[in-house]
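The values are calculated or read from the model by the stated rules, or taken from the named source; none is laboratory data. Fair warning: this is a prediction, and the values are worked out from it, not measured in the lab. Cβ placement follows ideal geometry from the backbone for every residue including glycine, while neighbour counts extend to all protein chains displayed. Protein only, heavy atoms only, side chains kept; ligands, DNA and RNA dropped before computing areas. Shrake-Rupley method; radii C 1.70, N 1.55, O 1.52, S 1.80 Å.
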Amino acid sequence: MNIKRKKGWEIPESQATPETVFRNRRRFLTAGAAGALALGGGAYLAIGQGGDAVAQAQPDPSAGLYPAPRSMRYRLDREVTEEKVSTTYNNFYEFGTSKNIWQAAQKLPIRPWQVKIDGLVAKEMVVDIDDLLKKVQLEERLYRHRCVEAWSMAVPWTGFPMKALVDIAQPTSAAKYVRMETFNRPDVASGMKASFYSWPYIEGLTMAEATNELTLMVTGIYGKPLPKQMGAPIRLVTPWKYGFKCIKSIVRVTFTDERPRSFWEVSQGSEYGFWANVNPRVSHPRWSQASEEIIGTGGKRVPTQLYNGYGDFVASMYTDLEKSGERLWM
Ligand SMILES: Nc1nc2c(c(=O)[nH]1)N[C@H]1C(S)=C(S)[C@@H](COP(=O)(O)O)O[C@H]1N2
Ligand SMILES: [Mo]
């Protein structure tokens with residue numbers, strides 16, 4: 001489906017937050033019985049599964065930065081997934097292995113939040129998330145997201161190019177990879193007590209991938225700060241790779257000359273490799289990747305696209321590697 005759109009500059013700013021957000025916000029206000037009470041200003045009270053109330057004491061100090069202007073460079077070929085759907089169907093193993101972890105994730109404190117930048121850099125540093133947000137330009141981008149489990153969604157992320165973070169970090173010329181790490185808090189994230197996984201969650205990119213224009217450090221969604229279950233206060237988004245590359249709630253970014261071994265690679269390297277670029281013709285060892293179910297559509301399946309449809313932006317990074325014998329697709 002190709003919807004005829006107005007040119008970017010003809011689209012009013014107000015359209016940057018889709019109408020569904022406002023509709024969902026209203027629904028949220030009446031969802032008290034379902035376990036959530038809106039308190040306004042981004043603060044809310046979630047009733048945990050055990051009936052315990054977990055209050056987020058402070059409104060998010062970054063709330064005033066949203067919504068950010070939408071970039072018209074990144075177009076969708078499908079509807080934006082409803083907020084209520086994408087924010088209640090999540091993978092965040094720190095809080096459990098089911099898709100229904102959104103309430104459990106409210107226990108994660110996201111202020112204060114610091115990100116350590118270290119390794120092969122001019123100067124190691126620890127940046128406070130709100131200081132980092134002052135140094136970068138936030139924008140909204142509509143991206144498809146394709147999980148390796150063959151479900152997908154399309155959402156309006158807000159964030160800044162990872163290139164901006166690399167510029168702040170000033171890696172030396174010896175840096176070949178970026179390694180990212182999630183918080184290590186088994187006290188609030190009970191999934192981390194599962195000892196058969198190697199915590200904390202780790203992901204990595206090559207420097208070329210990290211500085212590709214698509215690679216986004218995400219801090220918001222639907223014109224608001226990112227909810228905890230989606231990786232607040234800062235996560236990665238690489239829309240041409242399977243979703244597990246998009247590491248959530250990052251606390252450390254390390255520049256290195258060694259290829260990082262990711263959380264999933266350590267757990268099951270034959271199924272989840274370093275590259276994990278989306279390719280409908282290369283099956284997962286246990287299922288086909290040819291098509292995907294779009295969540296929130298009542299089971300609608302669509303064909304999966306090579307590089308999740310982002311080949312124009314990323315394919316050139318891999319042309320030489322394709323001959324190298326690297327497993328680029330899983
Ligand atoms: N720290 C951490 N990051 C993570 C995960 C996780 O379990 N822990 N799951 C990944 C997977 S498999 C997917 S599909 C996406 C899901 O993002 P969403 O819940 O915001 O849709 O997050 C990725 N990032
Ligand atoms: Mo995933």
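Highest mean packing first, where packing is the average number of other Cβ atoms within 10 Å per residue, the peptides 127-133, 274-280 line up as 274-280, 127-133.
DSSP loop (so not H, G, I, E, B), at most 15 other Cβ within 10 Å: list which chymotrypsin sites (Phe, Trp or Tyr not before Pro) in region 148-230 pass both filters.
Numbers: sites: 151, 157, 177, 183, 196, 197, 201, 222; in loops: 183, 196, 197, 201, 222.
The qualifying sites are 196.
If you stretched the chain out fully between residue 172 and residue 135, how much longer would it get, using 0.36 nm times the residue separation minus the C-alpha to C-alpha distance? Numbers along the way, then the final one.
Numbers: separation 37, 0.36 × 37 = 13.32 nm, distance 2.08 nm.
The residue 172-residue 135 span can extend by a further 11.2 nm.
Bridgeable lysines around residue 134 (alpha carbons under 28 Å apart, same-chain partners fewer than 8 residues away excluded): 107, 116, 123, 163, 176, 224, 228, 245, 248. Extension gain, residue 327 to residue 258: 0.36 nm times the residue separation minus the Cα-Cα distance gives 23.1 nm. For residue 99, a cut-off of 13 angstrom between C-alpha atoms picks up these aspartates and glutamates, skipping any fewer than 8 places away in its own chain: 149. Measuring between their Cα centroids, region 98-170 and region 238-300 lie 17 Å from each other. Summarising the amide proton neighbourhood of residue 183: residues at separation of 5 or more, or on other chains, whose placed amide H is nearer than 5 Å comprise 251.
Could you put 314, 188 in order of accessible surface area, largest first, with the 1.4 Å probe and the full protein assembly present?
Working: 314 0, 188 25 Å².
Descending order: 188, 314.
Judged by the ratio a/c of the largest to the smallest principal axis of the C-alpha gyration tensor, region 13-324 counts as rounded, that ratio being less than 1.5. Note on residue 219: accessible area is roughly 10 Å² with a 1.4 Å probe, heavy atoms of protein only.
Residue 259 sits with roughly 80 Å² accessible to a 1.4 Å probe, with DNA, RNA and ligands left out of the calculation.
What accessible area per residue comes out for region 13-324, rounded to a whole number of Å², with a 1.4 Å probe?
On the way: 13430 Å² over 312 residues.
Value for region 13-324: 43 Å² per residue.
Where does each of 255, 313 land when they are ordered by accessible area, with a 1.4 Å probe and the largest first? Before the final figure, lay out each step's value.
Numbers: 255 5, 313 60 Å².
The ranking, largest first, comes out as 313, 255.
Extension gain for residue 268 to residue 116 (0.36 nm times residue separation, less C-alpha to C-alpha distance): 52.0 nm. Overall, the anisotropy analysis places region 74-117 in the oblate class: the square-rooted eigenvalues a ≥ b ≥ c of its C-alpha gyration tensor yield a/c not less than 1.5, with a/b not exceeding b/c. Taking a point 7 Å from the Cα of residue 288 along the Cα-to-Cβ direction, the residues of region 138-152 with backbone N closer than 20 Å to it are 146-152. Short to long, the 10 Å bins of the Cα pair-distance histogram for region 93-179 hold 13, 29, 39, 19, 1 percent of all pairs. Once backbone amide H atoms are built at 1.01 Å from N, residue 70 has 140 as its partners under 5 Å, excluding neighbours fewer than 5 places away on the same chain.
Each principal axis of the Cα cloud of region 252-330 was evaluated for its coordinate range; sorted largest first, these ranges are 45, 29, 26 Å.
Taking every protein chain into account, the 1.4 Å probe leaves residue 202 with about 10 Å² of accessible area, to the nearest ten. Each Lys and Arg Cβ is given +1 and each Asp and Glu Cβ -1; about its Cα centre, region 13-324 then shows a dipole of about 480 debye.
For the peptides 137-146, 91-100, residues were scored by their other Cβ atoms within 10 Å and the scores averaged per peptide; the highest-first order is 137-146, 91-100.
Suppose every K and R has +1 on its Cβ and every D and E has -1 on its Cβ; what is the size of the dipole of region 272-330 about the Cα centre, in Debye to the nearest 20?
Numbers: 6 positive and 6 negative charges, 52 e Å.
Roughly 260 debye, rounded to the nearest 20.
Pop the C-beta distance of residue 73 and residue 208 into the FRET formula with R0 = 30 Å and round what comes out to the nearest 0.05. In this case the efficiency is close to 0.95.
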